[in-house]
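Single-structure report; data block below.
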Amino acid sequence: MDKGPWFFPTYLLVDGPNEGNPDAENKTGYIESDDFEHDATLYVSGNFRDDAERRKYLEFIAGELNAVSSLRAQLAQANTQLDAAGRENERLRGVCMELRAENALLSSEHDKVMSHLNDFLSGETYTAGEGGGKG
């Protein structure tokens with residue numbers, strides 16, 4: 001699609017289908033896109049009261065097309081940011097899972113150490129090393 005921006009160049013009215021008819025409704029105006037990939041021109045003809053009304057209508061259409069182009073660009077940027085945030089979210093989720101696994105190991109080791117400490121403080125003996133335990 002044409003990216004725009006659309007603009008109203010030098011205001012041009014050309015004779016419409018009934019060449020030579022001076023009535024305003026037989027004249028055509030146009031807007032152009034600044035996107036040189038397509039070099040698009042949009043011609044508009046119709047029953048307008050006068051040239052000023054036709055110009056206002058063409059400017060309205062150009063404004064609408066530019067608004068849509070702007071929204072599309074903003075949407076594309078938002079999608080790019082969401083994709084990046086999603087990747088970062090997945091990375092952080094992985095880090096959290098690793099931390100939970102490490103925490104589970106540490107918690108298990110903590111429980112063993114606290115058990116041995118409580119045994120020691122209660123007067124029971126503990127033999128360190130392989131197969132060590134209460135003695």
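For the reader, a short list of remarks on this structure follows.
- Residue selection: residue 121 fails the criterion of being surrounded by 10 or more Cβ atoms within 10 Å (Cβ to Cβ) and either over 30 Å from residue 29 (Cα atoms) or within 21 Å of the chain's Cα centre (by Cα) (or both).
- From the list 79, 47, the lone residue that is free of Cβ contacts under 8 Å to residues at least 12 places away in the same chain and among the polar types (S, T, N, Q) is 79.
- Some residue of region 48-61 being on the phi < 0 side of the Ramachandran plot, surrounded by 10 or more Cβ atoms within 10 Å (Cβ to Cβ), at pLDDT below 80 and assigned to a loop (DSSP other than H, G, I, E, B): no
The values are calculated or read from the model by the stated rules, or taken from the named source; none is laboratory data. Note that the structure is predicted; figures quoted are calculated from it, not measured. Positions of Cβ are backbone-derived with ideal geometry, glycine not excepted, and every protein chain shown enters the neighbour counts.
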